[in-house]
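Worksheet for the structure shown next.
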Amino acid sequence: MADVINPGTGATPKQSFASSIKGIWCPGCGDWSVQAALTKALQGIGIERERIVIVSGIGCSSAMPHPFSTYGIHSLHGRLIPVATGVKLANDDLTVIGTGGDGDGYGIGVGHLIHAARRNINITYIVMDNEIYGLTTGQASPTSLLGAKTKSTPFGSIENPENPVGIAIAAGATYVARAFSGDPVHMAELIKNGILHKGFSIIDVFSPCVTFNNLNTYDWFRQRVYKLEQAGHDPSSMQKALERSLEAEQTGWSKIPIGLFYKTEKPAYSALDMTLQKGPLVNQPMPTKQQVMDILEEYK
Amino acid sequence: MASVSIRICGANGDGVESSGALVIKVAAKNGLHVFGYRGYQSIIRGGHVWYQIRIGDSELRSHGEGIDILIALNQDSINYQKSHLNQNAIVIYDPSKVKVDSLDSSRFVFVPIPLLDIAIAASGDPIMRNVVAIGAALKFVGIDIDAFNEVIRGMFGRKGEAVVNNNIKAAAEGYNYNGVKTAYNIKGDGKQRYALDGNTALSIGAYAAGCKFYAAYPMTPASTILQWFASHENKGVMPKQTEDEIAAINMTIGAASAGARAMCGTSGGGFSLMVEGLGLAGMLETPIVVVNSQRTGPSTGLPTKTEQADLLFVMHASQGEFPRIVVAPRSVADSFKVTAEAFNLADRYQCPVIILMDLYMSEHIESVERLDVDEVVIDRGKVVTENTGGGRFKRYLITDDGISQRAYPGSAGLEYVAGSDEHDEFGDLISDAFAGTDESIEVRKKMNAKRMRKMDTMLKNEKVFVPHVDADGGFYIVTWGSTTSPALEALEILKSKGQSVGLISFDYILPMDSRKTSDMLKGKKLIDVELNGTGQLAKVIRMNTGIGIEKSILKSDGEAFTGEEIANGIAEIIKSW
């Protein structure tokens, strides 16, 4: 089965997955929680570290692969999805996790998000959404709220924020969740289930920037978020999921749902790809001279 | 050498392309040499399209000057092509559709055949009029009709006996039509040849090299590579049509990082989008192969016309400095060979290799006796699967040759993070916290030098980075890539006029071996021939060797050079030297 996560054999739940590199984030940054939650999720699944590839873009949150002792690619701004897709297509035995920010994934790279979702490629994409550009020191992001005052919108943003959860659902993602760095245990569970899900999973994480975003703070989120699991939400309904994705904006950001919005079972990309039915691409043999000559015969 | 050029003309939708492909196949199967090229536009119906098929008794280097046999499927064919007709050209046309009054009857041979009526009577299908005309053309050239029938059986056998018989019947009607007689009688040598265009040869070269992954966004004239991979998906390759060229190159980098041989392809506009990714491959030291099939630029330019104007662009694309290889195949057979080798070079030096095709090279069809399939070797370079040294794996170990050992994800004990930021030997970034410290300055200096050292290593270890001296003479044509073939033809034409001209042609252009290239060029009377307006190769030569080439034949009108065109230009230059 090409699209099944290998359960792993050698890893123990206690495997730390920590490298000798420390995260680069400011004290209090939401991304520390994401590191902890991702670690916990990986420990919960028990995949060997050599079979994990964490692919990131550029931005504060894209430094995520370095503190992990897994394989990683710290790629270009906005391009982690195609890089991660290429890794997964070449070796379907690997667990591929994308980590990046809202500027990276919802701004410059948003086109790739839609196509990864509709392909239902079996990767997990964690977006640390802090509603600001942090590493470039505080400009508006695609999820900055209307009126948000940032370095690039000193008189208040006049652009409506993107609805990444709604976009992901509409584009065909088969696992769409939202977490909050103030609740890393809840986040770890969502990430773990995302990784175990066969198909494209996205976890949008409210990950506050404590340095450049003084609007969307931990307290601001704490006062507004509620868990879908406790609200009787049915994640198998696309309609209901889309309705929930609109709730934050419709309530003037007074009620913001987190948790699992949508989950459905569809064949993952690798289950449909003709070539991958013969196993991971990297394990397939090089052609023989005879096979090349046979192809040449088509042109006689 | 004897040759004849047949040009089939009509509108898009008239079946001109499939008719041309059919004639090429018939000739190649019969021991004849063929060179086919088509003219078309960025439009699906209508327009004016032509397919020129030159058939000869020895190797052909271009689609030929002028038309010897014109199949005119509509009035435009006469109106637009009359200036290209050679003396005594045979004009095959349907008098109910096409008027030839505008042509001088003393200079041409008119062959009116009621193509449409015959087609409908023979098969009930009006499109068969092409086949009737092809039958007549084959008779004029002197190709046996049995040869045609054999190809038809091979091509349409699957579609059933009726389709085969209709084609055979229609062709026989034209072949035996009253007044149609053999005028050329070009004899083949009995060897069956492959009929291949450059993109097909390139694709087969990639396949032979074990390329498993090809990503592209559709763009003329590279799309047929994507289609080749798509139609051979059942042979163990993975074609991926991506949302844009940015995704194409980044997916290719991902697949290559995971250990698959991977390639992406596009034309200049798409290559522009790939530029940032090219630098990523340079920085991560990921072996990828990138095809740019050039068309007439800038911007959208002439999407269905050719040019060699992206050389300086691909040599310098992307910010910063990193090693890369640029190669432009000189023939269809060469497209196979350099592509197969491109994957070895990419793996050996862990850098991007750019294959510079152009529309002419991608699309023209040649009869090819053999491809160097036996010579293909697969060398994955420095790859490790186990951590034998203990300790943390240094993916970017600083070495004398600049090449470090590479590991694929899945190998235990070799985990590393590849970073687009500047990094140390482990791959750990030096950009975030420590940039500017004495230690980081030292790391940056060493890492940049390590990567660039690979260029020196290539020049030292590889034999391919010197131009070819194809012929010696009192004067030398200097050219590259696809213009090599018409240049070779020009030499023959000049020779027949008693002028001895040599040829120095480049396939591998970057890196250029300054010393060897300089030794080869200095003291010679050089004439630069390129299909661009500014002499880009000449600039590269000057940059690397200090040798300036004062005389040149350059053009950027969208059409490929013919041998005759180059020969005339050279004769003029020599006269005034």
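The values are calculated or read from the model by the stated rules, or taken from the named source; none is laboratory data. All values derive from a computational prediction rather than experimental measurement. Backbone-built Cβ (ideal geometry, glycine too); neighbour counts: all protein chains shown. For the accessible areas, the whole protein counts, side chains as well, though only heavy atoms, and no ligand, DNA or RNA atoms are used. Shrake-Rupley method; radii C 1.70, N 1.55, O 1.52, S 1.80 Å.
Which of the peptides A:191-201, B:559-569 is most tightly packed, and how do the rest follow, judged by the mean count of other Cβ atoms within 10 Å per residue? Can you show the working numbers first?
Details: A:191-201: 23.5, B:559-569: 21.4.
Going by the mean number of other Cβ atoms within 10 Å, highest first, we get A:191-201, B:559-569.
Taking the Kirkwood radius as the inverse of the mean 1/r across Cα pairs, report the Rg/Rh of the protein assembly as shown. All intermediate terms of the calculation are to be shown ahead of the outcome.
Numbers: Rg = 30.8 Å, Rh = 29.7 Å.
Using Cα coordinates only, the ratio equals 1.04.
Computed over every Cα-Cα pair of region B:352-495 and binned at 5 Å starting from 0, the pair-distance distribution P(r) comes out as 2, 7, 11, 13, 13, 12, 9, 8, 8, 7, 5, 3, 1, 0 percent.
Within the protein assembly as shown, antiparallel bridges make up roughly 30 percent of the DSSP beta bridges whose residues both belong there. Listed by chain and number, the lysines whose alpha-carbon sits under 29 Å from that of residue A:227, ignoring those within fewer than 8 places in the same chain, are A:14, A:40, A:149, A:192, A:198, A:240, A:255, A:263, A:266. For chain B, the longest principal axis of the alpha carbon atoms and the long axis of helix B:145-156 meet at an angle near 50°. Distance from the alpha carbon centroid of region B:1-77 to that of region B:305-361 works out to 29 angstrom. The relative contact order of region B:202-322 comes to 25 percent, based on Cα pairs under 8 Å that sit 6 or more residues apart. Ligands, DNA and RNA left out, the accessible area of region B:181-312 computed with a 1.4 Å probe is 51% carbon and sulfur.
Counts of other chain beta carbons within 10 angstrom of each beta carbon in peptide B:404-417 average 6.
Heavy-atom accessible area buried between chains B and A is around 5000 Å² (1.4 Å probe, both sides summed). Simple spin-label estimate for residue B:176 and residue B:499 gives 5.0 nm between the two label positions (7 Å along the Cα-to-Cβ direction from each Cα). Per residue, what volume in Å³ does the convex hull of the Cα atoms of region B:468-575 enclose? It is 90 Å³ per residue. Any chance you could check region A:100-127 for residues losing 20 Å² or more of accessible area when the partner protein chains are in, compared with the chain on its own (1.4 Å probe)? Those residues are A:112, A:115, A:119.
Estimated from the Cβ-Cβ distance and a Förster radius of 56 angstrom, the FRET efficiency linking residue B:459 and residue B:102 is about 0.45.
The mean count of C-beta atoms from other chains within 10 Å of the C-beta of residues in B:80-91, rounded to a whole number, is 0.
Ranking B:552, B:570, B:88 by Cα position along the charge dipole of chain B, where only Lys, Arg, Asp and Glu carry charges on their C-beta atoms, puts B:88 farthest toward the positive end. Peptide packing: for A:171-177, B:570-576, the average count of neighbouring Cβ atoms within 10 Å per residue gives the ranking A:171-177, B:570-576, highest mean first. Around the amide H of residue B:432, modelled in the peptide plane, lies no amide H under 5 Å away from a residue 5 or more places distant or on another chain.
Across peptide A:275-288, the mean count of Cβ atoms from other chains lying within 10 Å of each residue's own Cβ comes to 5.
Residues B:197, B:358 ordered from highest to lowest accessible area at a 1.4 Å probe: B:197, B:358. Largest first, the extents of the alpha carbon coordinates of region B:3-192 on the three principal axes equal 42, 39, 38 Å. Ordered from largest to smallest accessible area (heavy atoms of protein chains, 1.4 Å probe), the residues B:219, B:458 come out as B:219, B:458.
When only the Cβ of Lys, Arg, Asp and Glu is charged (+1, +1, -1, -1), the dipole of chain B relative to its Cα centre reaches about 740 debye.
Of all the options A:257, A:27, A:267, the one that moves most in a Gaussian network model of chain A with Cα springs shorter than 10 angstrom is A:27. Taking every DSSP beta bridge that has both residues in chain B, what percent is antiparallel when rounded to the nearest 5? Bridges in chain B are about 35 percent antiparallel. Within the assembled protein chains, the solvent-accessible surface assigned to residue A:180 is about 10 Å², based on a 1.4 Å probe. Here chain A carries DSSP beta bridges of which approximately 15% are antiparallel, counting only pairs with both residues inside. When you restrict to C-alpha pairs under 8 Å that are six or more residues apart and normalise by the size of chain A, the relative contact order lands at 19 percent. Once region B:195-368 is represented by equal point scatterers at the alpha-carbon sites, with solvent omitted, what log10 I(q)/I(0) does the Debye formula produce at q = 0.18 Å⁻¹? Scattering profile of region B:195-368, log10 relative to I(0): -1.07. Taken about its Cα centre, region B:195-368 carries a charge dipole of about 300 debye when Lys and Arg each add +1 at the Cβ and Asp and Glu each add -1 at the Cβ. Take the Cα of residue B:321, step 7 Å toward its Cβ, do the same at residue B:449, and the gap between the two points is 1.2 nm.
Distance from the alpha carbon centroid of region B:370-447 to that of region A:64-128 works out to 21 angstrom. The amide H of residue B:527, built 1.01 Å from its N in the peptide plane, has B:476, B:477, B:478 as neighbours under 5 Å, considering only residues 5 or more places off or on other chains. The mean sequence separation of alpha-carbon pairs under 8 Å and at least six residues apart, normalised by the residue count of chain B, gives a relative contact order of 12 percent. What the Cβ-Cβ distance of residue B:79 and residue B:185 gives, at R0 = 30 Å and to the nearest 0.05, is a FRET efficiency of 0.45. Of the trypsin sites (Lys or Arg not before Pro) found in region B:459-528, the ones in coil according to DSSP and having at most 14 other Cβ atoms within 10 Å of their Cβ are B:463, B:497, B:522. The accessible-area ordering, largest first, of the residues B:212, A:149, A:240 stands as A:149, A:240, B:212, per a 1.4 angstrom probe.
How much accessible area per residue does the protein assembly as shown have, counting only protein heavy atoms and a probe of 1.4 Å, in square angstrom?
37
Selection among B:147, B:164, B:377 by position relative to the dipole of the protein assembly as shown gives B:377 as farthest towards the positive end (Cβ unit charges, Cα centre).
Across region B:175-192, rounded Karplus estimates of 3J(HN,Hα) from the backbone phi angles (6.51 cos²θ - 1.76 cosθ + 1.60, θ = phi - 60°) give 4, 9, 5, 3, x, 7, 9, 5, 10, 10, 6, 7, 9, x, 9, x, 7, 6 Hz, Gly and Pro being marked x. In region B:383-461, inverting the average of 1/r over every pair of distinct C-alpha atoms gives 13.4 Å as the Kirkwood radius. Across the options B:449, B:420, B:437, the greatest Cα extent toward the positive end of the charge dipole of region B:383-461 (unit charges at beta carbon of Lys, Arg, Asp, Glu) belongs to B:449.
Over the Cα atoms of chain B, the radius of gyration divided by the Kirkwood radius equals 1.03; this is the Rg/Rh ratio.
Taking 0.36 nm per residue of separation and subtracting the current Cα-Cα distance, fully stretching the chain between residue A:218 and residue A:151 would add 22.0 nm.
Secondary-structure-derived ellipticity at 222 nm for the protein assembly as shown, considering helices only, amounts to -10500 deg cm²/dmol, per-run term -39500 (n - 2.57) for DSSP H runs with n ≥ 4. Could you tell me the calculated FRET efficiency between residue A:266 and residue A:229, based on Cβ-Cβ distance and R0 = 25 angstrom, to the nearest 0.05? For R0 = 25 Å, the calculated efficiency reads 0.65. For residue B:70, the residues whose modelled amide H falls within less than 5 Å of its own, excluding neighbours fewer than 5 places apart on the same chain, are B:7, B:90, B:91, B:92.
Each Lys and Arg Cβ is given +1 and each Asp and Glu Cβ -1; about its Cα centre, the protein assembly as shown then shows a dipole of about 420 debye.
Comparing A:133, A:71, A:106 in a Gaussian network model of chain A, where Cα atoms under 10 Å apart are tied by springs, the biggest mean-square fluctuation is seen for A:71.
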